[in-house]
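See below for the structure under consideration.
What follows draws every value from the coordinates through simple rules; no lab data is involved. Note that the coordinates shown come from a computational prediction; the quantities given were computed from them, not determined experimentally. For neighbour counting, all protein chains shown are included, and Cβ atoms are generated from backbone atoms with ideal geometry for every residue, glycine included.
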Amino acid sequence: MLGANTKSACFLTMLFCTLPTIGCDLERPTQVRLEGGTSPVFLLSGSGNVTDFSVYIVSPSDFNFGRTVDSPSFESFFTQPAVWRIETQGGMFHAPAIQDIGQLTYGVVPKGYTQSIPSDGSAPPPILQGKQYFFDCVTVNAPGTRGSFQLTEGRVMPSQINLPCMTLRNGKEVTVPCASH
């Protein structure tokens, strides 16, 4: 028979071993649903906190294989800089929660964020018909997400693009075809 102190120790051990897995079950990856006419509205869900959100135009040269990339960041991967980026004002540990943001509208800076691109605070360029765009939603406390979209017949629609992968070759990141699964 176990004594009272032993029972308490066993209970506390079970509790502390179980809590980390409970926390993981509550974490929900970031998801984005697109709406909007000629300007995208990104409807956010998940349990994380958004530290920054970027939109890039995808140029035809982004699909080229053998292209050297300075670093594995999207800022370096795309041949054109981001067309719009917002960043949290409070730093990554004070980023607003997704449920508090709800949605982001292209070109509109929500409370708690600053616009870093365009850096002069002007409106980003309009979304162009027939061009491919890529968004990157960086979060803490849950996985972020990314995706692509295009303007088709006056409506922003999700799209599927197959960008190259990167590999390290001679000490440099180089674009290569992605391995098929």
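Here are some notes:
- Count of the stretch 158-172 residues, restricted to those that are surrounded by 14 or more Cβ atoms within 10 Å (Cβ to Cβ) and assigned to a loop (DSSP other than H, G, I, E, B), is 3.
- Only listed residue being out of contact with any Ser or Thr (no Cβ under 9 Å at 6 or more places or on another chain) and in contact (Cβ under 8 Å) with a residue 60 or more places away in the chain, chosen from Phe42, Phe77, Phe53: Phe53
- Per-region count, the stretch 148-173, residues within 16 Å of Phe74 (Cβ to Cβ) and in contact with a strand residue (DSSP E or B) (Cβ under 6 Å, 6 or more places away or on another chain): 7
- Residue match in the stretch 148-157 (condition: under 30 Å from Leu26 (Cβ atoms), surrounded by 14 or more Cβ atoms within 10 Å (Cβ to Cβ) and not β-branched (Val, Ile, Thr)): yes
So that you can scan it fast, the table gives a plain yes or no per residue for (1) touching an Asp or Glu at 6+ places or on another chain (Cβ under 8 Å); (2) free of Cβ contacts under 8 Å to residues at least 24 places away in the same chain; (3) within 19 Å of Arg33 (Cα to Cα); (4) hydrophobic (A, V, I, L, M, F, W, C):
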| residue | (1), (2), (3), (4) |
| --- | --- |
| Gly121 | no, yes, no, no |
| Ile127 | no, no, yes, yes |
| Gln132 | no, no, yes, no |
| Ala142 | yes, no, yes, yes |
| Leu151 | no, no, yes, yes |
| Met166 | yes, no, no, yes |
| Val174 | no, no, no, yes |
| Ala179 | no, yes, no, yes |
